[in-house]
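Just below is one structure, and these are the notes that go with it.
Any read-out appearing in this document is the output of simple, stated calculations on the displayed coordinates, not a laboratory observation. In this text, all values refer to a predicted model and were calculated from it rather than measured experimentally. Cβ atoms come from the backbone with ideal geometry, glycine included; neighbour counts cover every protein chain shown.
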Amino acid sequence: MTSVPERQQPLDDTELRHLLPAAETPAVQPDRQRQIEEFLMSEITRTPEAAGPARPESRNRRRLLIALPATLAAFALAATVAVTTFGNPDTAPVRGDRVPASVVQVTAGDTAGLAGAVERISLAAQSTPDLVLRPGQYVYVESTVSYLMGSLNADTGEEKTWVDKPHQRQIWRSADGRTGWLTEEGKTAQGGEALKSDTAARLRYPSYDYLNTLPTDPQVLLQKIYTETAGGGNNGPDQEAFDTVLAMVREQAVPGKLAAALYQAAARIPGVVLVDNATDAAGRVGIAIARTNTTTGSRDEMIFDRTSYTFLGERGVQVTEAFGVKPGTVTANTAVLKRVATDAPGRPPGTGKA
């Protein structure tokens, strides 16, 4: 059974020395090494919600696997920022699972239409019937996901980036968040893996039960988010708050009133804008509530249908070059296809198969 790990603190100096080449290794220049350290220090706090089982370690090749951006990739097995191994070639996706990174025109967002769009999005959320779990049921979310990945050969300094082929991700979560199941193409064992957590639910890792205890006043909710995420990362309080909203709506059944409050709270975060054109992983075009992470240079977007204003998915777009990723590169893309209650973990709704 797979545990849900936690990590609240950045890597310390000892851990970084294990991840990075020794000081006498000339292949990686000091400036590049500092860049890698800064990336890890800023992103390692975004622990994946469901890390896969440990793989055997091989030190034949010292290769550092990095997923970009952690804001969206953190919740996926494919995007474990804390490096899985130093050099086991089996940890990287096979070439058949890689596709060229999409590059889009970076359109500037603005605040001019933000308030009106958020009002319509909030009304749509409140008018949608809440997903209610009966005792023993699970929240089931099915998505299409894709992430930009990268590797660094610490001996040669060679860097490579690739994009995961868009693939299916299915997750089941119990009402208390303690148990569940995850199936993700190419990331979990055949048939999926059981999830277990001994940690109480919280803002970044909410459960169905926990969400139903939260305030629905946008300002009160936003203050709670800022207070409870203070000091939790290296991207600044505003980005931490925005990332927390993303984490709360991503793979849970959020009550309509709370969802509306979350979207209204997000719009009050400094730096948040409305993007008029954003496409999810299923090719659906919508509008987005977005914010650019000044540490990673990537803009994180919550995408909504431009007619019904329902939540579609997320996208990360590189706005400024960072870590060798060019502007316009789509660094992450997801599309929520189904969100329902189900009776058993590991059993897709509407099937008799576990």
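Shown here are the Rg and Dmax of the Cα trace of region 190-310, at 15.0, 44 Å.
I need the calculated FRET efficiency for the pair Lys196 and Asp217, taking r as the beta carbon distance and R₀ as 41 Å, to the nearest 0.05.
Taking R0 as 41 Å, the efficiency between Lys196 and Asp217 is 0.75.
Arrange the peptides 305-315, 335-345 so that the one whose residues have, on average, the most other Cβ atoms within 10 Å appears first.
Ranked from most to least packed, the peptides come out as 305-315, 335-345.
In order along region 174-184, phi translates into HN-Hα couplings of 6, 4, 8, x, 7, 9, x, 8, 9, 10, 9 Hz, rounded to whole numbers, per the Karplus curve 6.51 cos²θ - 1.76 cosθ + 1.60 with θ = phi - 60° and x for Gly and Pro. Per residue of region 146-158, what does 6.51 cos²θ - 1.76 cosθ + 1.60 with θ = phi - 60° give for ³J(HN,Hα)? Whole Hz please, x for Gly and Pro, Karplus curve as stated. For region 146-158, the Karplus curve yields 7, 9, 6, 10, x, 9, 10, 7, 5, 7, 9, x, 5 Hz.
For Leu337, the amide hydrogen comes within under 5 Å of the amide hydrogens of Glu142, Ser143, Thr144, counting only partners 5 or more places away or on other chains and with H modelled in the peptide plane.
Beyond 29 Å in Cα-Cα separation lie the following of the pairs Lys196/Lys338; Lys160/Lys338; Lys165/Lys326; Lys165/Lys224; Lys160/Lys196; Lys187/Lys338: Lys160/Lys338; Lys165/Lys224; Lys160/Lys196. Under the simplified labelling scheme, the Arg120-Asp238 pair shows an inter-label distance of 2.6 nm, with each label point 7 Å from Cα along Cα→Cβ. Rounded to whole numbers, the Karplus 3J(HN,Hα) couplings from phi for region 266-281 are 4, 5, 8, 6, x, x, 7, 9, 9, 9, 7, 9, 9, 10, 8, 5 Hz, using 6.51 cos²θ - 1.76 cosθ + 1.60 with θ = phi - 60°, and x at Gly and Pro.
For the peptides 296-302, 285-291, residues were scored by their other Cβ atoms within 10 Å and the scores averaged per peptide; the highest-first order is 296-302, 285-291.
Amide H contacts of Ser207: Arg202, each under 5 Å away and 5 or more positions distant or on a separate chain (H built 1.01 Å from N in the peptide plane; Pro and chain starts excluded).
Using per-residue counts of other Cβ atoms within 10 Å, averaged over each peptide, order 136-142, 197-203 from highest down. Write out the running numbers ahead of the final one.
Working: 136-142: 19.6, 197-203: 15.3.
My ranking of the peptides, most packed first, is 136-142, 197-203.
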